[in-house]
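Below is one structure; the comments refer to it alone.
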Protein chains: 2
Amino acid sequence: MTVVLNARGAGIGAAAQAQIYTEARTHNAFLDRPVPNTLLIEALDLAKMGPTAANQQPLRVLFLRSKEAKERLRPAMSPGNVEKTMAAPVVAITGYDLKFYEHLPFLFPHADAKSWFAGNPEFAARSAAQSGTLQVGYLILALRAVGLDAGPMGGFDAAKVEAEFFPEGTIKANVIINIGYGDDAKLFPRSPRFAFDQMAKIL
Amino acid sequence: MTVVLNARGAGIGAAAQAQIYTEARTHNAFLDRPVPNTLLIEALDLAKMGPTAANQQPLRVLFLRSKEAKERLRPAMSPGNVEKTMAAPVVAITGYDLKFYEHLPFLFPHADAKSWFAGNPEFAARSAAQSGTLQVGYLILALRAVGLDAGPMGGFDAAKVEAEFFPEGTIKANVIINIGYGDDAKLFPRSPRFAFDQMAKIL
């Protein structure tokens, strides 16, 4: 397929901006409409193109689709998040790899970036948390960009998730995202946002 | 303006996906083309709509446009980042507010969310780092979505940035982003990305 690109310097347009930002909502309930694996792959293939420090790409994702996989997650979810998570068509557990630097000879071939992190686990963990969370942001918007809806959550027991899903001990759990086609009828009202001047200044 | 929205369940289209993900690049050099303040405001107005934990919106941004403001940043940048940052049309210092919870009665009015964080500064700091970094991800893509290019960097002395720009001590520096219209002629080759199976599994 040939993609006709927008002119450099033009925005993506109001409809696309609305879909991933201004009209998009955090969904807690989803329609009974199947979510194909191809869309999950497409979303991650978009998200992975976003920038990370030294191209480290520490994001790791488990997409839970089967009932069995979701049941393994149940004991780790906060009470208010259990039912909606069990009911979501797909649940993504995002995490970041503390040993991301092992892959840097492949990911960042033009410098010895592995040596910047390998001997300094605290710095590596901080960098992985930062870049891995940027990637979660890219992923949330990418799910919307392929037509899906997302319900990201921080309310769960990370230690339990890590013990159950990342027992090797090198991946930290980050954000859990319910995924599907959102049920607009079950949305809460949108919460307020800051005005520009409350968040930012131009100096 | 009436925005005609995409059909629910349809993606934003290949051109928009290319612009913010697959064709977008991290830029180190920018064209001599002015960046209007209206676009910075538009980008942050998009980014702020992305989800954060308990709608906390801890992101704070200083957009440095004047030579004086950028010179204040110079001593904090890593050697390899100094010249390109001084030359960028606009430089955004992003940070996150450790005292975000003071605003939760406004931002999250339907529950006493302030009490979840106010007595637990370690939990609050972890949550602010996480949500504030998600918001940096939203902002990087929003800059692209309004037609700009971004050059995000982690290579700087955060303590120096905080002492100079956030002397009150409650805002932590996060990512610094050079902003402008990128000079494609000065791009480095694109670095590799993982394949889906190297980052993710469907269970």
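The values are calculated or read from the model by the stated rules, or taken from the named source; none is laboratory data. On a predicted model such as this, the values are computed, not experimentally measured, just so you know. Note: ideal-geometry Cβ built from the backbone for every residue, glycine included; neighbour counts use all protein chains shown. With ligands, DNA and RNA removed, areas are computed over all heavy atoms of the protein, side chains included. Shrake-Rupley method; radii C 1.70, N 1.55, O 1.52, S 1.80 Å.
Can you name the helices of chain A, as whole DSSP H runs, whose Cα span along the helix axis is 30 Å or more and whose Kyte-Doolittle mean is not below -0.5?
Qualifying helices: A:121-145.
Given the C-alpha atoms of the protein assembly as shown, compute the convex hull and give its volume per residue in Å³.
144 Å³
Rounded to the nearest 100 Å², what's the accessible area chains B and A bury against each other, both chains counted, probe 1.4 Å?
When B and A are taken together, about 7200 Å² of accessible area is lost.
Could you tell me what percent of the accessible area of the protein assembly as shown is made up of carbon and sulfur, with a 1.4 Å probe and every protein chain present?
Of the solvent-accessible surface of the protein assembly as shown, carbon and sulfur hold 56 percent.
Between the label point of A:Glu23 and that of the same position in each other copy, find the distances and list them shortest first in nm, with every label point placed 7 Å from Cα along the Cα-to-C-beta direction.
The projected label point of A:Glu23 is separated from its counterparts by 2.3 nm.
Report, as an integer, the average count of C-beta atoms from other chains found within 10 Å of each Cβ along A:19-29.
If you average over the peptide's residues, the count of other-chain Cβ atoms is 5.
Just want to confirm a number: the relative contact order over region A:128-203, from Cα pairs under 8 angstrom separated by 6+ residues, in percent.
Relative contact order, region A:128-203: 29 percent.
Shape call for chain B from the C-alpha gyration tensor, a ≥ b ≥ c root eigenvalues: rounded (a/c under 1.5), prolate (a/b greater than b/c) or oblate?
Judged from the Cα gyration tensor, chain B comes out oblate (a/c at least 1.5, b/c at or above a/b).
Can you tell me the Rg and Dmax of region A:28-120, counting just the alpha carbons, in angstroms?
Computed over the Cα atoms of region A:28-120, radius of gyration and Dmax are 17.1, 49 Å.
Just to confirm my numbers, what's the Cα centroid distance between region B:7-23 and region A:1-26 in Å?
6 Å
Hey, can you rank A:134-141, B:54-61 by average C-beta count inside 10 Å, highest first?
A:134-141, B:54-61
What are the lysines whose alpha-carbon lies under 23 Å from the alpha-carbon of A:Lys114, with same-chain residues fewer than 8 places away excluded?
Qualifying lysines at Cα under 23 Å: A:Lys48, A:Lys99, A:Lys172.
I need the Debye-formula profile for region A:117-203: one equal scatterer per C-alpha, no solvent, reported as log10 I(q)/I(0) at q = 0.20, 0.25 1/Å, two decimals.
Here log10 of I(q) over I(0) equals -1.14, -1.25.
Could you please report the charge total around A:Phe108, scoring K, R as +1 and D, E as -1 over all other residues with beta-carbon less than 13 angstrom from its beta-carbon?
Surrounding charge for A:Phe108 is +1.
What number, in percent, do you get for the relative contact order of chain B if the mean sequence gap of Cα pairs under 8 Å and at least 6 apart is divided by its residue count?
Here the relative contact order equals 33 percent.
Can you list the distances in nanometres, one decimal and ascending, from the A:Ser191 label point to the identical position in each other copy, with the point 7 Å along Cα to Cβ?
Listed shortest first, these distances are 3.4 nm.
Would you calculate a helix-derived [θ] at 222 nm for chain A, using -39,500 (n - 2.57) for each DSSP H run of n ≥ 4 and dividing by the full residue count, to the nearest 500?
Rounded to the nearest 500, it is -10500 deg cm²/dmol.
For region A:98-164, what does the alpha-carbon gyration tensor say about shape, rounded, prolate or oblate, given a ≥ b ≥ c as the root eigenvalues, a/c under 1.5 as rounded, and a/b over b/c as prolate?
oblate
Would you mind pulling out the separation of the Cα centroids of region A:46-64 and region B:128-178, in Å?
When both Cα centres are located, 18 Å separates them.
If each label sits 7 angstrom from Cα along the C-beta direction, how far apart, in nm, is B:Val3 from its counterparts in the other copies?
Sorted ascending, the copy-to-copy spacings read 2.1 nm.
I need the phi-derived Karplus couplings for region B:180-192: 6.51 cos²θ - 1.76 cosθ + 1.60, θ = phi - 60°, integer Hz, Gly and Pro marked x.
Rounded to whole hertz, the list is x, 9, x, 9, 4, 5, 10, 6, 7, x, 5, 7, x.
Would you tell me the mean number of C-beta atoms belonging to other protein chains that fall within 10 Å of each C-beta in A:138-144, as a whole number?
Per-residue shielding by partner chains comes out at 5.
What average number of partner chain Cβ atoms lie no more than 10 Å from the Cβ of the residues making up B:146-156?
The per-residue average across the peptide is 3.
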